[in-house]
Each structure stands twice: as structure tokens, then as C-alpha cells.
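Notes to accompany the following structure.
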Amino acid sequence: MAKKLGNVTPISSAARSMGNWDLFATWVGANANNGTWYIGGVIAAAGMLTASSALILTGIVSYVLLGLASYMGYRTGLPAMALTRPAFGLRGSFIPSIINVVQFIGWAAANTFIAAISISVIFKDLLGWPAYGTPGGNRGLIVGILIMSLLHMASISLGERSVRMIERVGIVLVMLLVVWESVVVFQHASLSAIMAWRPAAHFKMSSGAAVDVLAAFNLAWVTAAADFSRFGKTKTAATTWSFLGANLGLFWFAFIGLTATIAAAITTGAYDPNASDPSTIATKLGLGILALLVIVITSTTANAVNLMAAGSAVTNMFHRLKLTPALWLVTVVATAVSFVPLFFATFLSAFTAFLDMIGMFLGPEIAVFLVDFFILSKRRYVAEDMTRVDGQYWYRGGFNLVAIVSWALGVAIYFGLRHVEFIASTVGATFVGMALTAVIYYCGMRMTRRNLN
């Protein structure tokens with residue numbers, strides 16, 4: 001009997017329960033949240049025209065990749081990190097798994113922190129506590145983080161089923177909030193004034209920098225796509241509706257963050273990217289406690305997806321650990337990490353450092369596993385070999401050195417391109433680096449004469 005490493009069980013067609021609406025709602029809910037609003041506020045530094053152009057183009061490109069990764073999950077029935085085994089090797093897949101655990105815990109923590117700011121403002125209005133950012137304001141923030149952790153525990157209590165229920169309810173509230181906010185934003189500033197607004201020179205962001213910020217944000221979801229699409233009833237639900245949902249959530253909420261931040265800057269006469277979180281902007285625009293409560297709910301819907309992806313990655317590394325205990329574990333860790341921004345000068349400093357880390361590692365990883373599945377393996381993986389020691393995905397000692405070296409070179413290329421002024425200021429380093437990594441990996445695998453089936 002062949003020796004095995006772990007256990008990978010595909011989701012059968014009969015057990016797949018997510019239709020068009022479920023996957024659409026999952027990805028709208030994943031992007032219609034505090035972090036997306038905050039991203040919109042951050043790229044406001046590029047000006048409305050540049051920021052919106054970068055937002056649309058980056059969203060389409062990123063979520064085409066999400067659609068491809070979703071197809072991988074639908075075709076095989078396997079979770080995202082298990083699908084990195086054929087490219088990186090059975091043990092080599094621990095590298096993208098570690099990256100996924102870190103990044104999705106980080107995203108959950110970031111969303112939790114932003115939602116906790118909203119809770120601190122609610123405490124200020126209801127109890128008279130100091131709001132976050134004022135002397136004594138950390139008390140409300142800390143209580144807010146603990147409240148959010150309890151909401152997250154509830155959202156992942158039943159695994160994939162509770163995530164699906166959270167998204168079905170959350171998407172309705174999200175859409176109502178966004179419509180309301182859209183009306184209020186344009187009551188404070190006209191579209192022509194928003195289009196004409198420019199930040200101070202020391203805040204200005206180039207189009208390339210905006211692309212890299214947005215790409216780091218969007219590509220995170222690509223590495224989790226298969227965790228949900230493997231439950232898809234049809235290919236259209238898994239790919240097309242995931243693509244549409246992700247883009248709708250991104251465009252709508254990021255545009256609200258973008259326009260609301262600029263409207264607030266016009267209204268107050270000052271632009272501060274550190275104050276572009278939804279709670280601060282909602283307060284400046286007079287949206288009230290109800291808006292803050294919905295912001296808290298949207299954080300819960302987004303973090304249900306973040307925690308699901310992190311938990312799935314943990315199970316790829318610790319094969320005996322079931323998904324539900326893994327979800328509890330990553331939720332506890334995410335709660336602890338939510339306190340980290342308190343040790344930075346500003347939340348924006350912590351957030352941008354986190355985005356730099358994501359952009360550096362995720363782009364090359366995605367390039368490697370997409371090339372492996374769609375080009376080298378011609379969309380066919382052998383599920384039995386996903387765990388078989390000495391099988392075709394074992395390589396040497398469980399590691400595919402070509403994939404690992406290609407990934408490492410991709411990280412180095414990203415760093416290098418960030419210092420090439422023309423690229424860094426126009427199209428950004430992320431997608432160029434991904435394309436070069438894809439070529440390196442393809443050529444490296446062809447030169448090693450891998451059996452391409």
C-alpha cells in the first residue's frame with residue numbers, strides 16, 4: 001500500500017450546495033466591507049480619475065484570475081491550498097499555506113480593527129466614552145475588538161453552512177447601506193467637484209502605486225477562490241457569478257470609500273488618508289449610529305470568508321485537524337492580531353506595511369499555480385496523487401524546487417520593479433512581476449522535462 005501524506009477528499013457533485021446566488025453573495029460580501037471602503041479612501045490620493053481607472057482595470061484583471069482559480073476548485077472539488085500541491089509539491093504546498101494563514105488572519109484583524117473603530121464611536125454617542133483617536137479612546141476600541149471576536153465565532157460556528165447563511169443575510173444589509181451612503185455622499189459634494197478635487201502634493205499617489213495597492217487587496221481572494229467554488233453546483237456559478245460578485249462588491253464599496261473620502265475632504269477642507277476609515281467618514285458626513293452598526297455587520301460578512309480561507313489553509317498543513325476546530329483556532333489568533341495596529345504610529349502605517357507584504361508574496365504564488373494547472377497540466381490533476389508519497393506530485397522530498405525558485409525569483413522581481421521608476425509610477429510592479437514569474441516557471445518546468453500528461 002502506497003504511503004500517504006495527509007488526506008484530501010474532493011467534494012462530490014451530489015454534495016455541492018452553492019448556486020449562483022450563494023457564490024455571488026459570498027463574493028459581494030467578501031468585498032463589500034470596511035477594508036474595501038478603506039482602500040477606496042487610500043487611493044483617493046491619486047485623484048478621482050486616476051483612482052477610479054486603476055480600480056476598474058485592476059478589479060477586472062484580478063478577478064479574471066479569481067475566476068480561473070474558482071474553476072480549479074469546481075473542476076477538482078478540492079480546497080485552494082490542496083490545489084497548490086501539484087505545483088509546489090506535497091510538502092512545498094506548506095509555503096503558500098503559511099502565506100494564506102498569515103494574510104487572511106491579517107485581513108480579518110484589519111477588518112476587525114476598522115469595525116472596532118465604529119463600535120468605539122457608538123460607545124461615544126451612547127455612553128459618552130472617548131472615541132478611538134482621542135485620549136482614553138483605546139478602551140472603546142478594545143471592547144469593540146472583543147465584541148467583533150464574538151460575532152466572528154458565531155459566523156464560523158457551522159463552517160461552510162454558517163458562512164453561506166451570513167452572506168445571504170449580510171448582502172441585503174450591505175446593499176441597503178451602500179445605496180443610502182451613495183445618496184448622502186452626493187448631497188455633500190457634486191460629482192464635478194469630486195472629479196476636480198486634487199490632494200496636496202505630499203499626499204499624491206501615482207497610478208502605479210494605486211494599482212499595486214489594489215492588486216495586493218484583490219489577489220488575496222484569488223488564493224481562497226477554490227475553498228468556495230468547490231461547493232458550486234455549476235461551472236457558471238463557480239466562475240462567472242464569483243467574478244461578478246467580487247467585482248460588484250469591490251467597485252461599489254471602493255467607489256463609496258473613494259467618493260466619500262473626497263467629499264469629506266471637500267466639506268472639511270482637509271484630506272487625511274489616516275482618517276479614511278468608514279467610521280470617521282460616516283461621522284463626518286452625519287450618517288449616524290445605524291450606519292456604524294451596518295459597518296460592523298459588513299465586517300462580519302467579510303471576515304467569515306477570511307476566516308474560512310485561513311482555516312482551510314491550516315488544515316492543509318495539519319492534516320488531522322478538521323475544518324471547524326481550525327476555524328476556531330484562526331479566529332482566536334485573528335483577535336489577538338487585531339491589537340497589533342495599536343503599536344504603530346497610525347493604522348494606515350500598519351495597513352500599508354501589510355499590503356506590501358501581500359503584494360510581494362501572493363502575485364508570484366498565483367502565477368505558479370495557475371500556469372501549472374491550465375498550461376502544464378492541461379486542467380487535469382490526479383486526486384489520488386495529492387497525498388501519495390513518491391507519486392507525481394512528490395518531486396524530491398515533497399518539494400518542487402522549480403516552483404519554489406520561481407516563486408522566490410518572482411518576489412525578487414517585484415522588489416526590483418518597485419525601483420524602476422517608469423513601471424512603479426505607471427502600471428505598478430505586481431502584474432508585470434506575475435507575468436515574468438509565469439514565464440520563468442513554465443520554462444523551468446519544460447527544461448526539467450516533467451511528464452505533462
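Derivation of every value follows stated rules applied to the coordinates shown; laboratory data play no part. Being a predicted model, the structure only gives us computed values, none of them experimental. Every residue, glycine among them, receives a Cβ derived from its backbone with ideal geometry; neighbour counts consider all protein chains shown.
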Neighbour-count ranking [beta-carbon atoms within 10 angstrom, fewest first] of PHE431, PHE369: PHE431, PHE369
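Taking K and R as +1 and D and E as -1, what net charge do the other residues with C-beta under 11 Å from the C-beta of ALA82 add up to?
Details: positive: ARG85, ARG230; negative: ASP227.
Value of the local net charge: +1.
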Approximate spin-label separation TRP180-VAL405, in nm, with each point projected 7 Å along Cα-to-Cβ: 5.7
Residue order, fewest to most beta carbons within 10 Å, for TRP197, TRP407: TRP197, TRP407
Positive minus negative residues near THR437 (Lys, Arg vs Asp, Glu; Cβ under 13 Å): -2
Distance between modelled label sites at LEU146 and ALA201, nm, 7 Å Cα→Cβ extension: 4.9
Fully extended contour minus Cα-Cα distance, from THR426 to SER53, at 0.36 nm per residue: 133.1 nm
Efficiency of FRET from Cβ geometry, ILE98 and PHE343, R₀ 22 Å, rounded to 0.05: 0.45
